[in-house]
Amino acid sequence: MSYENVLLEQPEAGIYLLTVNRPKALNALNSRTLDEIGAAAAEAGADPEARVLLVTGAGDKAFVAGADISEMRAYTALEGKTFSQRGMRAFRALETLPIPTIAVVNGFCLGGGLELAMSCDWILASDSARFGQPEVSLGVTPGFGGTQRLARLVGRAVAMELITTGRQVKVEEAKAMGLVNHVFSADTLMAEALKQARTIAAKGSIAVRLAKEAIQCGQDLDLDNACVLESKAFGLCFSTADLKEGMLAFLEKRAAEFTGR
Ligand code: CAA
């Protein structure tokens, strides 16, 4: 499938890279870009050989500087709601992919950009990255899930402060609040992201997918039901060739050769 505002590449076997590609507008998210993010994520997710998806922004200035203000500004209330739902749909498609997804944040990560990053499983960032939900400065609320995902990730009080003040935070603060997993220099960020992707791609892929599913589906359940979910995932692994290979390789003191079966 070909896209206008995103690039979907496979830099290495099993590793997909989705790049939001409107650098002149700091990769701002218009309707077309939102649809393409959803479609590209689904395309990567439909590949049974896919192991991990990296999401980044084109250029060296921004990951994504938010929803496209020039498109939004003239919306009616109903069009605003439809635009919000469009973003929700795209980001939920990304969030519920069966493979791990990593946001590779290389600059401004604001508004819809932070909402995109938070729809990935975790965030790696460059030392120049800046994060924020500045929507109230424009007289609008976050619209692609920011009020919900930020509060779940960093807690209600921090989310409340960031969203109601619109304050932008540097990467050290974003890491301290648990929003960012690791920080790298801008010139090593993508290489480090690929290194992490390679590590995941070398594991038993069915176990990786089942582990993601258990974390994602379990987080909104009570602990008893969530643990039942984990036991089922654990049990299912015993039907795979990868488990047999992984455990035999350990006992034979050699590297496992997983096949994804
Ligand atoms: N929408 C549309 N265009 C944008 C944009 C956005 N969110 N962010 C940047 N651009 C455009 C600028 O208009 C500019 O275009 P021109 O060259 O044609 O003038 C170009 O990108 C470069 O931007 P700047 O000249 O502003 O660059 P800067 O370095 O001076 O500032 C910035 C960078 C601080 C990120 C600034 O661009 C900025 O504040 N952007 C808007 C951030 C924002 O408010 N995001 C939230 C949007 S609302 C939202 O996301 C709602 C939601 O939750 C769904």
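The values are calculated or read from the model by the stated rules, or taken from the named source; none is laboratory data. Remember, it's a predicted structure, so these values are computed and weren't measured experimentally. Here the Cβ is made from the backbone with ideal geometry for all residues, glycine too, and neighbour counts use every protein chain on show.
A few comments on the model shown:
- Screening the candidates Ser205, Ser239 for the property of being surrounded by 12 or more Cβ atoms within 10 Å (Cβ to Cβ) and hydroxyl-bearing (Ser, Thr, Tyr) yields one hit, Ser205.
- Residue match in the stretch 180-202 (condition: part of a helix (DSSP H, G or I), in the same structural domain as Ile99 (by TED's automatic domain parsing) and farther than 18 Å from Ile102 by Cβ): no
- Number of positions in the stretch 23-76 that are near the ligand (Cβ under 8 Å from one of its atoms), surrounded by fewer than 24 Cβ atoms within 10 Å (Cβ to Cβ) and at positive phi: 1
- In the stretch 84-110, the residues that are among the hydroxyl-bearing types (Ser, Thr, Tyr) reach residues that are surrounded by fewer than 23 Cβ atoms within 10 Å (Cβ to Cβ) with C-beta atoms within less than 7 angstrom, at least six apart or across chains, in these pairs: Ser84/Gly143; Thr101/Asp121.
- Residue tally, condition in contact with a helix residue (DSSP H, G or I) (Cβ under 7 Å, 6 or more places away or on another chain) and on the phi < 0 side of the Ramachandran plot, over the stretch 170-200: 6
- Residue list for the stretch 73-93, filter: under 27 Å from Leu18 (Cα atoms) and small (Gly, Ala, Ser): Gly80, Ser84, Gly87, Ala90, Ala93
- Scanning the stretch 160-170 turns up at least one residue that is away from the ligand (no atom under 15 Å from the Cβ), farther than 24 Å from Ala74 by Cβ and aliphatic (A, V, I, L, M).
- Positions within the stretch 133-142 being within 8 Å of the ligand (Cβ to nearest atom) and not in a loop (DSSP other than H, G, I, E, B), in sequence order: Glu135, Ser137, Leu138
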